[in-house]
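Undergrad: Take a look at this one; I'll ask things after.
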Amino acid sequence: MAAQVVVTPKDFFTTFHAAIRVGFNWERFFEESWPVEVVTLRSREDLARCFVPWYIGKAGKEVAYDDPDAVPVRLPDVPKGLDVLNEERRADIQHYVESFQRQGGVVEFAAPGYALPDDHYFVLDRNHRLSALTLTSLPFAVNLWNVRGPLERTALLDLIHWEPKP
């Protein structure tokens with residue numbers, strides 16, 4: 001999995017702005033011209049590098065990103081914790097599993113992401129599709145448009161879990 005191409009912030013905005021609902025700081029993204037690279041996820045190991053904006057608390061239930069006990073969910077954890085996710089989320093994931101299986105062949109789509117330390121990624125949208133891939137054995141090629149911004153919650157609220165502690 002290597003960077004294939006660099007895209008402009010304007011292209012990233014045009015492609016994903018309407019879909020991204022997490023607390024991404026668009027104003028700062030443009031002011032500071034954070035770079036965006038496209039990496040292609042092709043293997044289970046690549047998926048294991050991805051975190052989705054869902055969190056599990058001590059009681060084994062979904063919680064908000066800013067819950068004091070929130071633990072970020074990695075894509076490979078989705079199959080094991082599917083019953084913990086809310087009913088709507090499970091139904092959306094199942095919808096994509098069935099859609100991909102009907103489609104057959106290589107599953108291809110683009111998703112927006114944010115760079116984390118150690119070549120890990122925080123997925124900003126298309127989480128249900130990516131989660132569905134963890135429940136199938138179909139081949140895939142997901143182009144992750146990966147923003148390389150600062151590790152600060154003022155850049156992306158969810159980074160509270162990754163920003164360096166003072």
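The values are calculated or read from the model by the stated rules, or taken from the named source; none is laboratory data. All figures in this text were calculated on a predicted structure; none of them were measured in a lab. Neighbour counts are summed over all protein chains in view; Cβ atoms, including those assigned to glycine, are modelled from backbone coordinates with ideal geometry.
Undergrad: Go over the candidates Val97, Val36, Val52, Val73 one by one and state the one that is out of contact with any strand residue (DSSP E or B) (no Cβ under 6 Å at 6 or more places or on another chain) and modelled with pLDDT of 95 or more.
TA: Only one candidate passes the filter, namely Val97.
Undergrad: Oh, and also: Within the range 133-164, work out how many residues are part of a loop (DSSP other than H, G, I, E, B), more than 26 Å from Pro79 (Cβ to Cβ) and touching a helix residue (DSSP H, G or I) at 6+ places or on another chain (Cβ under 8 Å).
TA: Adding up the residues that qualify gives 6.
Undergrad: Does Tyr65 fit the bill of being in contact (Cβ under 8 Å) with a residue 12 or more places away in the chain, touching a helix residue (DSSP H, G or I) at 6+ places or on another chain (Cβ under 8 Å), surrounded by 16 or more Cβ atoms within 10 Å (Cβ to Cβ) and more than 17 Å from Phe109 (Cβ to Cβ)?
TA: yes
Undergrad: Failed condition for Arg102, given (1) in a helix (DSSP H, G or I); (2) under 28 Å from Phe29 (Cβ atoms), with all others met?
TA: If we test Arg102 against (1) in a helix (DSSP H, G or I); (2) under 28 Å from Phe29 (Cβ atoms), just (2) comes out false.
Undergrad: Next up: Taking the range 98-143 on its own, how many of its residues are in contact with a Pro (Cβ under 8 Å, 6 or more places away or on another chain), free of Cβ contacts under 8 Å to residues at least 60 places away in the same chain and surrounded by 12 or more Cβ atoms within 10 Å (Cβ to Cβ)?
TA: Start the filter on the range 98-143 by keeping residues that are in contact with a Pro (Cβ under 8 Å, 6 or more places away or on another chain), which leaves 105-107, 122-127, 134-135.
Subset that is free of Cβ contacts under 8 Å to residues at least 60 places away in the same chain: 105-107, 135.
Still in the list and also surrounded by 12 or more Cβ atoms within 10 Å (Cβ to Cβ): 107, 135.
Qualifying residue count for the region: 2.
Undergrad: Is it fair to say Arg42 is in contact with a Phe, Trp or Tyr (Cβ under 9 Å, 6 or more places away or on another chain), of a type in the set (D, E, K, R), buried (at least 16 other Cβ atoms within 10 Å of the Cβ) and within 19 Å of Phe122 (Cα to Cα)? Before the answer, list the steps.
TA: Numbers: in contact with a Phe, Trp or Tyr (Cβ under 9 Å, 6 or more places away or on another chain): yes; of a type in the set (D, E, K, R): yes; buried (at least 16 other Cβ atoms within 10 Å of the Cβ): no; within 19 Å of Phe122 (Cα to Cα): yes.
No: the conditions fail for Arg42.
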